């Protein structure tokens, strides 16, 4: 069968690649065409129509500034879909782009599934009506999404969270702290991990302030987790005068070895919690984008950890609340306050229990496979 997948950022590339791997186990004749990144390329065995490095535009201001480029990508995708005519279109998160493609696919009667629901429960709730109309099957990864979609009389499938899969798989083969430090030429000091994001604009607005923490903690070494989607030379533009080291595409290993982490909000907050590293969450963006988002986003928390727990487990410092003084104070607590750390880790455990067992990718692949009228005994 022919599968067409669209992922638009690093986390989507990761989870879509695992889905491709599981689909290949079920369907020996599977063919894949996709928009995504290096991991999808690895498992699909072919090159993407477009790499997410070129298609990921984040924030209202950036979208407006790049509206022509975005339209060109959408037009290219529509044409490519009709040329390829897949047996199923599988959209992975990335709602601004994917929901437009979903409507187009629906008009052309292409079976359309969605893996990792857009966060319509946070903002633009009216998008739930579009999802119900255009998406045949929706696979959600947070338990509370089931009840959210019930309000729209739309039955969805909770498959578990793929981050659990990724972390469990990685933890089984991570090096020891000593091995990690030796491999990456790190000193003997304990590590503070900096996770400034996977997009250039996240680096621009968040990393400079993170780096100001370094002189405040001379007994520790700071190490940046460099995303596979970013070139080191770009990040080095912001770190020329900073005593900081890098590891590339080794985020889980870095987090496992770190005493604490400073994390830009996103999937990384959940990954950090599942690994068990004490963290603070921060996020700063372009001023206009923040002002617009502040008026339309309807959630109590910005981090996935707190959203899943429905209470504050980790501190969040957003936009103007993200100051050197506040980050320094919180990071100090994460390093020396044992009771505070134990309480946070207990919260992490409750989040892990809420997300359920690993196996999200395999469960999703089986549901997709069955939906294509295969013999259910085969799975």
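The values are calculated or read from the model by the stated rules, or taken from the named source; none is laboratory data. Predicted model only: the values in this text are computed from it and were never measured. Using ideal geometry, Cβ is built from the backbone for each residue, glycine included, and neighbour counts are taken over all protein chains shown.
Quick notes on this one:
- Among the criteria (1) within 26 Å of residue 69 (Cα to Cα); (2) loosely packed, with under 15 Cβ neighbours inside 10 Å; (3) at pLDDT below 95, the one residue 144 does not fulfil is (1).
- Region 324-357 - residue that is outside any helix (DSSP H, G or I) and touching a residue at least 40 places away in the same chain (Cβ under 8 Å) and, of those, surrounded by the most Cβ atoms within 10 Å (Cβ to Cβ): 356
- The residue of region 159-183 that is farthest from the chain's Cα centre (by Cα), among those that are over 16 Å from residue 19 (Cβ atoms) and surrounded by 19 or more Cβ atoms within 10 Å (Cβ to Cβ), is 180.
- Within region 18-47, the set of residues being under 19 Å from the mean Cα position of the chain (by Cα) and either buried (at least 23 other Cβ atoms within 10 Å of the Cβ) or not in a helix (DSSP H, G or I) (or both) comprises 19, 20, 34, 35, 36, 37, 40.
- Subset of region 100-118 that is crowded, with 20+ Cβ neighbours inside 10 Å and more than 21 Å from residue 30 (Cα to Cα) - its residue that is nearest to the chain's Cα centre (by Cα): 116
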